[in-house]
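The structure under discussion appears below in the form of structure tokens.
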Protein chains: 2
Amino acid sequence: MANGGVGEEVRNKQVLFRDYVTGFPKESDMYVTTGTINLRVPEGSNSVLVKNLYLSCDPVMRVRMARVTFSGFSSYTPGSPLTGLGVAKVLDSGHPDFKAGDLVWGVTGWEEYSLLSGIESLRKIQHTDAPLSYYTGLLGMPGMTAYAGFYEVCTPKSGEYVFISAASGAVGQLVGQFAKLLGCYVVGSAGSKEKVDLLKSKLGFDDAFNYKEEHDLDAALKRYFPEGIDIYFENVGGKTLDVVLLNMRVHGRIAVCGMISQYNLDETEGVKNLTCLIYKRIHMRGFTVRDYYHLYPKFLETVMPYIREGKVVYVEDRAEGLESAPAALVGLFSGRNVGKQVVVVARE
Amino acid sequence: MANGGVGEEVRNKQVLFRDYVTGFPKESDMYVTTGTINLRVPEGSNSVLVKNLYLSCDPVMRVRMARVTFSGFSSYTPGSPLTGLGVAKVLDSGHPDFKAGDLVWGVTGWEEYSLLSGIESLRKIQHTDAPLSYYTGLLGMPGMTAYAGFYEVCTPKSGEYVFISAASGAVGQLVGQFAKLLGCYVVGSAGSKEKVDLLKSKLGFDDAFNYKEEHDLDAALKRYFPEGIDIYFENVGGKTLDVVLLNMRVHGRIAVCGMISQYNLDETEGVKNLTCLIYKRIHMRGFTVRDYYHLYPKFLETVMPYIREGKVVYVEDRAEGLESAPAALVGLFSGRNVGKQVVVVARE
């Protein structure tokens, strides 16, 4: 506990944000440095001192790299460590809800050790019979996003036709598995042969295609969905959305989870086929996971048995060490990662 | 009743469709001619023979003028009369649900007399203490559209900020009045000073503006909605939608009723600000009235007292005679009409 006294001063490797970004982020928009940190929480503070184990690379971090975000997310501060979701171990705590030794997940810094003062997002990890890194993915924000987005936003029914873009990503791979478990027909798009193979073999999608090899996306969608699409789980935006609109069925639903193709553009692409919303009476609904965290206990109740029974699997792309973090984050936007991109800072 | 025998053969003035339209429709895309019609229903037929009284000019008719519609609506047939919604009086009937003398509204021909074989859309008019022409507007499809669109699609709450485009039109003027009755703050946009005055005086909107005089629509919306927009009732699409997206509040709702600005374009305008759907968790929902006609009795129960008590008023723009019908229809797309555009074919 944080009962005063001077704690051990240790070296603390950090990934700092260099300056505001326009266009695609580059590794050089961040830099790795080493500072020091005291491993005790200051006396009288209700902060928590953690050792970071796994850091999550999420598309929304690009949004926070812009000078102005419009998004409700704050911009990063040049010269300060990036922050994001991660898994950590509590070393010292001034807060009654946490004690040394607790494993937690939530917002932390891109560094070896973090003194966390804003701990609203921190959750204690109860189930340790799954890999701890899953709390950056399957059991964390992306998992909860997939769960809420599919079951709450898409209002799915067995037998419906489901299309998922960025389907092998942190969220997409789970939406597809949830949809299959419900009895839907599921097709995903991804950006490489390796990802497409993964979707069809390991992740159990009915079909999948490499969008980079489909010069006529409309024709591709008509081939995979001759009856049209009931549910589109939107992760990419732009041209893909435009063509999907033409292929939606009457009373279709579009859950707008992300638009990763648009985050790096100075001027976003125009979507032209919105009149389809009327003729086809389409429900298009943007959502963010923060409106659904009250469902987290129910989510764990649903998904932990699936994991134990092997009914849901999860593909991670692990980058080893903080030095590899900038490249891992940047790689999200070129689709370099295969599965959920995690940075391994330390193993417990 | 249709018990054989040769009925009276009369002259029948008609508005025929000339040929498929691209771009803005012109009066010359239609022509007026005179044929003949027998005022008896053929023996053994279950058709209904009507005298048309009022014809409705609706934006969706432009969609039907295209060779290919994508919309679920069939194209008009060159050389045949246009069809659309109207109010008519039954002169002869082979159908047990209708008898001579009944007043009806539903799909009919753009002509003086119509022999209607497809009568699924015909409804008997029960309440005649409102102007009969209202069954092309307030008490017909546009009224039902406003009712379903506002109460069912927008899920409105008292005190919310409501923006309506094409606000003096057949649907918009009612949405605004419904929203005021619920206790919302309501601003409408329209395309002339006359319409803006109408919105503010006769129709009881809190405020209104002429979009043609606002060179910076974003600034205008920020002026009228400093707190942002909870509900946008979309009638126009394109650039307006794009700017509205920037001004929506978190958990806002967009009911997509129409996109009249887009129907005459060879290539529709791209909407660029759709990422707002995510950050602001916006519900955007296309709808058409056909999914809601089961609510028509409830709608009449709600709206007839409002009419009788003067709580809901309705502005019509009446064109006299079938000869004026092509100009009236074309005028919809330049915003020439002030209020619901009706063509008076005959008074009972």
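The values are calculated or read from the model by the stated rules, or taken from the named source; none is laboratory data. From a predicted model like this one, the values you see are computed outputs, not experimental measurements. Here the Cβ positions follow ideal geometry from the backbone for every residue, glycine too, while neighbour counts run over all protein chains shown. When the accessible area is computed, the model is the full protein with side chains, heavy atoms only, and any ligands, DNA or RNA have been set aside. Shrake-Rupley method; radii C 1.70, N 1.55, O 1.52, S 1.80 Å.
Restricting attention to segment A:62-71, does a residue exist that is in contact (Cβ under 8 Å) with a residue 24 or more places away in the chain and among the polar types (S, T, N, Q)? Checked segment A:62-71: no residue is in contact (Cβ under 8 Å) with a residue 24 or more places away in the chain and among the polar types (S, T, N, Q).
Looking only at segment A:131-155, count every residue that is open to solvent by 10 Å² or more (accessible area, probe 1.4 Å), within 18 Å of A:LYS298 (Cα to Cα) and part of a loop (DSSP other than H, G, I, E, B) and tell me the total. Number satisfying all stated conditions: 1.
Summed over segment B:145-185, the residues that are touching a residue at least 40 places away in the same chain (Cβ under 8 Å) and of a type in the set (Ser, Thr, Tyr) give a count of 6. For B:VAL87, state whether it is open to solvent by 40 Å² or more (accessible area, probe 1.4 Å), outside the structural domain of B:VAL175 (by TED's automatic domain parsing), closer than 30 Å to B:ARG18 by Cα and under 17 Å from the mean Cα position of the chain (by Cα). Spelling it out, it is not the case that B:VAL87 is open to solvent by 40 Å² or more (accessible area, probe 1.4 Å), outside the structural domain of B:VAL175 (by TED's automatic domain parsing), closer than 30 Å to B:ARG18 by Cα and under 17 Å from the mean Cα position of the chain (by Cα).
Quick one: would you say B:GLY335 is surrounded by fewer than 20 Cβ atoms within 10 Å (Cβ to Cβ) and in the same structural domain as B:HIS127 (by TED's automatic domain parsing)? Considered against the rule, which asks whether it is surrounded by fewer than 20 Cβ atoms within 10 Å (Cβ to Cβ) and in the same structural domain as B:HIS127 (by TED's automatic domain parsing), B:GLY335 comes out as yes.
Residues are listed down the side, and each one gets a yes or a no for (1) within 25 Å of B:HIS294 (Cβ to Cβ); (2) not β-branched (Val, Ile, Thr):
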{"site": "B:VAL90", "(1), (2)": "yes, no"}
{"site": "B:ASP102", "(1), (2)": "yes, yes"}
{"site": "B:TRP105", "(1), (2)": "yes, yes"}
{"site": "B:GLY109", "(1), (2)": "no, yes"}
{"site": "B:TYR113", "(1), (2)": "no, yes"}
{"site": "B:SER117", "(1), (2)": "yes, yes"}
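Among residues that are in contact (Cβ under 8 Å) with a residue 24 or more places away in the chain and more than 27 Å from the chain's Cα centre (by Cα), A:LEU246 is included. Looking at A:GLY79, A:GLY7, A:GLY94, just one residue is away from every other protein chain (no Cβ under 14 Å), surrounded by fewer than 20 Cβ atoms within 10 Å (Cβ to Cβ) and farther than 26 Å from A:ASN264 by Cα, and that residue is A:GLY7.
The single residue among B:ASP19, B:ASP29 that is within 30 Å of A:CYS276 (Cβ to Cβ) and either in contact with a Cys (Cβ under 6 Å, 6 or more places away or on another chain) or surrounded by fewer than 18 Cβ atoms within 10 Å (Cβ to Cβ) (or both) turns out to be B:ASP19. Take A:PHE233 and decide whether it is aromatic (Phe, Trp, Tyr), more than 14 Å from chain B (Cβ to nearest Cβ) and out of contact with any Lys or Arg (no Cβ under 6 Å at 6 or more places or on another chain). Answer is no for this residue. Could you please let me know if A:SER133 is polar (S, T, N, Q), closer than 24 Å to A:PHE233 by Cβ and not assigned by TED's automatic domain parsing to the domain that holds A:GLY286? The answer is yes for A:SER133. Checking the structure you have, find out if any residue of segment A:258-267 is under 27 Å from B:THR240 (Cβ atoms) and either modelled with pLDDT of 95 or more or among the charged types (D, E, K, R) (or both). Within segment A:258-267 (the criterion being under 27 Å from B:THR240 (Cβ atoms) and either modelled with pLDDT of 95 or more or among the charged types (D, E, K, R) (or both)), the answer is yes, since at least one residue qualifies.
Exactly one residue out of B:GLY252, B:GLY228, B:GLY238, B:GLY258 is farther than 22 Å from B:LYS180 by Cβ, open to solvent by less than 30 Å² (accessible area, probe 1.4 Å) and among the small types (Gly, Ala, Ser), and it is B:GLY238. For segment B:255-271, the set of residues classified as facing another protein chain (nearest Cβ under 7 Å), touching a residue at least 24 places away in the same chain (Cβ under 8 Å) and of a type in the set (Gly, Ala, Ser) consists of B:GLY258 only.
Taking the conditions exactly as written (of a type in the set (Val, Ile, Thr) and in contact (Cβ under 8 Å) with a residue 40 or more places away in the chain), does A:ILE231 satisfy them or not? For A:ILE231, the condition - of a type in the set (Val, Ile, Thr) and in contact (Cβ under 8 Å) with a residue 40 or more places away in the chain - is met.
Might you let me know whether segment B:274-287 holds any residue that is assigned to a loop (DSSP other than H, G, I, E, B) and more than 10 Å from chain A (Cβ to nearest Cβ)? Within segment B:274-287 (the criterion being assigned to a loop (DSSP other than H, G, I, E, B) and more than 10 Å from chain A (Cβ to nearest Cβ)), the answer is no, since none of the residues qualifies.
Would you be able to say whether some residue in segment B:187-206 is in contact with an Asp or Glu (Cβ under 9 Å, 6 or more places away or on another chain), touching a residue at least 12 places away in the same chain (Cβ under 8 Å) and of a type in the set (Phe, Trp, Tyr)? Within segment B:187-206 (the criterion being in contact with an Asp or Glu (Cβ under 9 Å, 6 or more places away or on another chain), touching a residue at least 12 places away in the same chain (Cβ under 8 Å) and of a type in the set (Phe, Trp, Tyr)), the answer is no, since none of the residues qualifies. Scanning segment A:290-314 for residues that are part of a helix (DSSP H, G or I) and either crowded, with 21+ Cβ neighbours inside 10 Å or at the interface with another protein chain (Cβ under 10 Å from one of its Cβ atoms) (or both) returns A:ARG290, A:ASP291, A:VAL303. Tell me, yes or no, whether segment A:54-70 has at least one residue that is surrounded by 13 or more Cβ atoms within 10 Å (Cβ to Cβ), in the same structural domain as A:GLY109 (by TED's automatic domain parsing) and at positive phi. Within segment A:54-70, one or more residues are surrounded by 13 or more Cβ atoms within 10 Å (Cβ to Cβ), in the same structural domain as A:GLY109 (by TED's automatic domain parsing) and at positive phi. Residue check: A:PHE205 meets all listed conditions (1) over 23 Å from A:MET144 (Cβ atoms); (2) outside any strand (DSSP E or B) but one, namely (1). The set of residues from segment B:280-317 being at positive phi and in contact with a helix residue (DSSP H, G or I) (Cβ under 7 Å, 6 or more places away or on another chain) comprises just one member, B:ARG281. Apart from one condition, B:ILE119 fits all of (1) over 25 Å from B:ALA319 (Cα atoms); (2) surrounded by 15 or more Cβ atoms within 10 Å (Cβ to Cβ); (3) at pLDDT 95 or above; (4) not hydroxyl-bearing (Ser, Thr, Tyr); the exception is (3).
Looking at B:GLY101, B:GLY109, which is the one that is surrounded by fewer than 21 Cβ atoms within 10 Å (Cβ to Cβ) and outside the structural domain of B:THR268 (by TED's automatic domain parsing)?
Of the residues listed, the single one that is surrounded by fewer than 21 Cβ atoms within 10 Å (Cβ to Cβ) and outside the structural domain of B:THR268 (by TED's automatic domain parsing) is B:GLY101.
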